[in-house]
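What follows is a short report on a single structure.
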Amino acid sequence: MQLLGGVIDPELGSDIVELGMAKGAKVEDGIAYLHIDLTTEGCPLRAQIQKDIRARILSLPGIERVKINWGVLSQDEKAEAMSKARFNVSQNAPDTEIPSTTKVIMVASGKGGVGKSSITVNLAAGLASRGFTVGVIDADIWGFSVPRMLGLDDHLESKDKKIVPVEREVGDGLLKVVSMGFLVDKEESALMWRGLMLNRAVQHFLQDVAWGEMDYLVIDMPPGTGDVQMGLAKMLPRAEMIIVTTPAKVAQKVAVRVANMGRNNYLRIVGVIENMSAFVTPDGERYEVFGSGGGAELAAEVGVPLLGRVPIEAAVASGGDDGEPAILNAGGPDGGPAAAELASIVDTIVSELVPPVEMAGCSARMLDLATAALDEFDAQQAADS
Ligand SMILES: Nc1ncnc2c1ncn2[C@@H]1O[C@H](COP(=O)(O)OP(=O)(O)OP(=O)(O)O)[C@@H](O)[C@H]1O
Ligand SMILES: [Mg+2]
């Protein structure tokens, strides 16, 4: 039930446990039996909710199958769910400014220097190049590197008391980026910020940024399991986590702790990316500089898929230095094996593991939107006359 609490009804914007839609869950012989009631029969969002539920429940070690018994909320239950959703929207919400339809992916690692930031910017750019609107939070407040890696040298502006993210168009898509790097003038001055303030800074990035509509939000986490990571996990229980590791055994050991932290906060672990896998020469010869197998072992230990193995390639490092993520060359004449692997990871994310929310719309949200638009229209007319 705790895991189901991370499944948001995209239309109502609250989680299915709070809305009273998750009626029961039991596990027998590796099979999870769930009873879920929806607002209407044949709700087009059912496929979306089902995908989310399956992904989360199957991420629990020991569960091999998920069986869902679907039902429909009674009129009273439906009314209660709607009023809860409205209450959440009007009262406690927005806990964060992140839309409920945005898929949140945290890129985490045990050790530093394994390539989290490089993976973050490449995944974000890859998603944007497929036409999505992608937010990026550089939660590595101290060691921010996202601005440089995305070629952004700008200052955060504010409008109506909200921070406006720095934008960059990528193909048909859009990146919206916030980083401490846009607030301080020099990389060194960020070092003076103390722990407490770091945590507050991240909170601001969730609560006080005018994010607007976004399909994905990718978060570059600081390494390890400190206060910032714990704070983020608590504030975004619906987030999903990707763990980056190198093939080395030491990296793998500390990465398990990050996975445990995620699980303890009921986050779903999407999978592991092994970075800095073998160095491949132009002739195709492989050198396993940092050893081999760490990614696969970590994935097996955590019980999640290995999403891919990104080789060591100068193009990844120089892409970071030049602000042009290597993935943008995938499939082109300058695209090497690292770009191709990164692109295939993005494909897996979009098509299988973390598909975007498609707003087919059942009832409530559409109704609310229409009502709000009409109210605004009326107010405008009243003002004009
Ligand atoms: N696959 C790769 N091939 C070549 N160089 C890489 C690769 N991945 C990362 N690098 C380089 O390794 C260095 C460390 O990567 P990055 O900054 O992304 O790691 P990080 O985990 O974010 O580090 P930190 O913990 O300091 O934030 C960078 O210089 C980056 O360009
Ligand atoms: Mg980094």
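The values are calculated or read from the model by the stated rules, or taken from the named source; none is laboratory data. Here the structure is a predicted model, which is why all the values come from computation and not from measurement. Ideal geometry is used to build each Cβ from the backbone, glycine not excepted, and the neighbour counts take in all protein chains shown.
Residue by residue through the range 291-332, note down the ones that are of a type in the set (D, E, K, R) and not in a loop (DSSP other than H, G, I, E, B).
Initial filter on the range 291-332 (of a type in the set (D, E, K, R)): 297, 301, 309, 313, 321-322, 324.
Once the filter is applied, which keeps residues that are of a type in the set (D, E, K, R) and not in a loop (DSSP other than H, G, I, E, B), the range 291-332 yields 297, 301, 309, 321, 322.
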Notebook entry, point to check: Among the residues of the range 298-310, which ones are away from ligand 2 (no atom under 16 Å from the Cβ) and either aliphatic (A, V, I, L, M) or modelled with pLDDT of 95 or more (or both)?
Noted result: 298, 299, 300, 302, 304, 306, 307, 308, 309
Margin query: So, in the range 286-326, how many residues would count as being touching a Phe, Trp or Tyr at 6+ places or on another chain (Cβ under 9 Å) and either of a type in the set (A, V, I, L, M) or more than 15 Å from ligand 1 (Cβ to nearest atom) (or both)?
Written below: 2
Checklist line | Residues (closer than 16 Å to residue 349 by Cα and among the basic types (Lys, Arg)) located in the range 115-168 | finding: 130
Note to self: Looking at the structure I just gave you, is residue 131 outside any helix (DSSP H, G or I) and either crowded, with 23+ Cβ neighbours inside 10 Å or modelled with pLDDT under 95 (or both)?
What the structure shows: no
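This table checks each residue for (1) closer than 26 Å to residue 60 by Cβ; (2) surrounded by fewer than 22 Cβ atoms within 10 Å (Cβ to Cβ); (3) of a type in the set (D, E, K, R).
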{"site": "274", "(1), (2), (3)": "yes, no, yes"}
{"site": "283", "(1), (2), (3)": "no, yes, yes"}
{"site": "286", "(1), (2), (3)": "no, yes, yes"}
{"site": "292", "(1), (2), (3)": "no, yes, no"}
{"site": "296", "(1), (2), (3)": "yes, yes, no"}
{"site": "310", "(1), (2), (3)": "no, no, no"}
{"site": "325", "(1), (2), (3)": "no, no, no"}
{"site": "339", "(1), (2), (3)": "no, no, no"}
{"site": "348", "(1), (2), (3)": "yes, yes, no"}
Item checked: Some residue of the range 242-249 being within 28 Å of residue 225 (Cα to Cα), assigned to a helix (DSSP H, G or I) and either outside the structural domain of residue 58 (by TED's automatic domain parsing) or within 22 Å of the chain's Cα centre (by Cα) (or both) -> yes
Next item on the list: Answer yes if at least one residue in the range 110-129 is under 25 Å from residue 56 (Cα atoms), more than 16 Å from ligand 1 (Cβ to nearest atom) and touching a strand residue (DSSP E or B) at 6+ places or on another chain (Cβ under 9 Å), and no otherwise.
Entry: yes
Check: Does residue 154 satisfy the condition of being in a loop (DSSP other than H, G, I, E, B), more than 13 Å from ligand 1 (Cβ to nearest atom), assigned by TED's automatic domain parsing to the domain that holds residue 182 and touching a strand residue (DSSP E or B) at 6+ places or on another chain (Cβ under 7 Å)?
Finding: yes
